[in-house]
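A.B. asks: Quick one: this structure, given as structure tokens, is what I'll be asking you about.
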Amino acid sequence: MNRSTSVEISLAALKHNYELVRRLTNNTRVIATVKADAYGHGAIETASALENLGVYCLGVAYTPEAVQLRCAGINKTPILVYFDLPDAADVIKYDLTPIVYGPGTAELYCEAALRQNRQIDIHVDIDTGMGRVGFLYDREIHRIRAIERLKGVRVTGFMSHFSEADLKDRSFAGLQLERYLHLRQELSGLFKDAIWHIANSAAVMSFPESHLDAVRPGLILYGSDSLEPACPRPDTVDFRPVMAVKSRILHIRSMPPGRSISYGRTFVTKRNTKVGVISTGYADGYPRALSNKAHVLVNGQFVPIIGRICMDVAMVDLTDCHDVKEGGEVVLIGRQGGREITASELAAWADTISYEILISLGRVNDRLYGNY
Ligand SMILES: *Cc1c(COP(=O)(O)O)cnc(C)c1O
């Protein structure tokens, strides 16, 4: 996008995280979630790296995301489409595996497949407590059974999704798993080819009983995690952040005490202050909610953002920072001089989740791929 914030994507860290998921799950199949442009990391680059690592399956939210991957030459790996209106033409043309989560959809795919003398593989979503999409675990079993009679579709998987597997209190996640396992017992005789999956990143890390036939992580592949601090983590987890985000010092000025900084005058200098203007603003995906809250790294030191973040620039207090120069590197996420800022920290300062931080910084800026 030719802006001056840059995003570095470490394919070495991605490989490390994928292998760690394999180890944590005793080599269970991995359905790698690459929706939303792989959480801002670049869907094509991420998915082809994962395909080369032998990933079992890829998961996207919408059909066009899957079509984009197929057109980029990612043709060896099945792609699950988590949501979307039924689109039999693209599903057949690009060999996609849609998730069916409501009545009528499987019938539609069946008719389209039979018209072309084909069979479409589908996975069926069961709502065990997420309350988003899926057949209700206790009310709609007869509808799921009816899918078995449709000759044009083959159910190759079942899925469900946790609503709070990131909490230390496992009681609701445990209840969801119990409901899911009960259904598996009821239905696996009828659907012999199906694999059963429910575990997202949080469950991969902290709920081994839920790993089943496949796991469906997103966030931990990118080296972040959403577990609340009290949640138990396996000893061996060292997921490495895949994304680093860097900016530049555009300009340095000396300000006396009593000068207000930026829109709304939310910060006023209290001393002789060396103010740095950095080349990142909310247009680059750096949330305005970080105004007066975030730190960045300059010369290996933590430096606070002062005043409101503008569209294209933001101000930092460089007074206690030695040897700073215009043009110098600013780290927004990542390491510098032995110190680190993570997406989770930024998320906490902005009162959001690391998913949103990664997606918003990763998607609008130029990405460089390497083995950082
Ligand atoms: C996003 C998503 C995932 C991955 O969630 P993470 O928390 O990133 O691991 C898995 N399954 C479904 C259906 C999703 O929508």
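A.B. asks: Where the second residue is among the aliphatic types (A, V, I, L, M) and open to solvent by 10 Å² or more (accessible area, probe 1.4 Å) and the first is part of a helix (DSSP H, G or I) and lies in the stretch 11-31, which pairs have Cβ atoms under 6 Å and are six or more apart or on separate chains?
C.D. replies: Every condition considered, the pairs that remain are L11/A49; L14/A49; Y18/L53.
A.B. asks: Moving to a separate point now. Looking only at the stretch 1-57, count how many residues are within 13 Å of the chain's Cα centre (by Cα) and open to solvent by 10 Å² or more (accessible area, probe 1.4 Å).
C.D. replies: 4
A.B. asks: Restricting the search to the stretch 41-64, which residues are part of a helix (DSSP H, G or I) and within 12 Å of the ligand (Cβ to nearest atom)?
C.D. replies: None; the set is empty.
A.B. asks: Kindly indicate the residue of the stretch 207-229 that is in contact with a Ser or Thr (Cβ under 9 Å, 6 or more places away or on another chain) and part of a helix (DSSP H, G or I) and also nearest to the ligand (Cβ to nearest atom) among those meeting that condition.
C.D. replies: Here the answer is L219.
A.B. asks: Inside the stretch 67-116, can you point out the residues that are within 16 Å of the ligand (Cβ to nearest atom) and small (G, A, S)?
C.D. replies: G102
A.B. asks: Here's another thing I want to ask about it. For residues in the stretch 188-206 being hydroxyl-bearing (S, T, Y) and in contact (Cβ under 8 Å) with a residue 24 or more places away in the chain, which is farthest from the ligand (Cβ to nearest atom)?
C.D. replies: Checking each candidate, the answer is S206.
A.B. asks: May I pose another question? Among (1) more than 9 Å from the ligand (Cβ to nearest atom); (2) in contact (Cβ under 8 Å) with a residue 24 or more places away in the chain, there is one condition G174 misses while meeting the rest; what is its number?
C.D. replies: Of everything listed in (1) more than 9 Å from the ligand (Cβ to nearest atom); (2) in contact (Cβ under 8 Å) with a residue 24 or more places away in the chain, G174 misses just condition (2).
A.B. asks: Any idea how many residues of the stretch 263-313 are over 24 Å from D366 (Cβ atoms), of a type in the set (D, E, K, R) and open to solvent by 70 Å² or more (accessible area, probe 1.4 Å)?
C.D. replies: Of the residues in the stretch 263-313, 5 are over 24 Å from D366 (Cβ atoms), of a type in the set (D, E, K, R) and open to solvent by 70 Å² or more (accessible area, probe 1.4 Å).
A.B. asks: Looking only at residues that are in contact with a helix residue (DSSP H, G or I) (Cβ under 7 Å, 6 or more places away or on another chain) and buried (at least 18 other Cβ atoms within 10 Å of the Cβ) in the stretch 58-76, which one is nearest to I357 (Cα to Cα)?
C.D. replies: That would be V60.
A.B. asks: Also, I was wondering about something else. Would you point out which residue out of L20, L11 is aliphatic (A, V, I, L, M) and more than 16 Å from the ligand (Cβ to nearest atom)?
C.D. replies: L11
A.B. asks: Follow-up question, since we're still on this one. What pairs can you find where one residue is in the stretch 349-369 and away from the ligand (no atom under 13 Å from the Cβ), the other is open to solvent by 40 Å² or more (accessible area, probe 1.4 Å) and at pLDDT below 95, and their Cβ atoms are less than 8 Å apart, with a gap of 6+ or different chains?
C.D. replies: Going by the 8 Å Cβ cut-off, the qualifying pairs are V364/M1; V364/R3; N365/M1; N365/R3; D366/M1; D366/N2; D366/R3.
The values are calculated or read from the model by the stated rules, or taken from the named source; none is laboratory data. The structure displayed is predicted, hence computed values, not measured ones. FYI the Cβ positions are ideal-geometry reconstructions off the backbone, even for glycines, and counts take in every protein chain you see. Quick note on the areas: whole protein, heavy atoms, side chains included, nothing else; ligands and nucleic acids left out. Shrake-Rupley method; radii C 1.70, N 1.55, O 1.52, S 1.80 Å.
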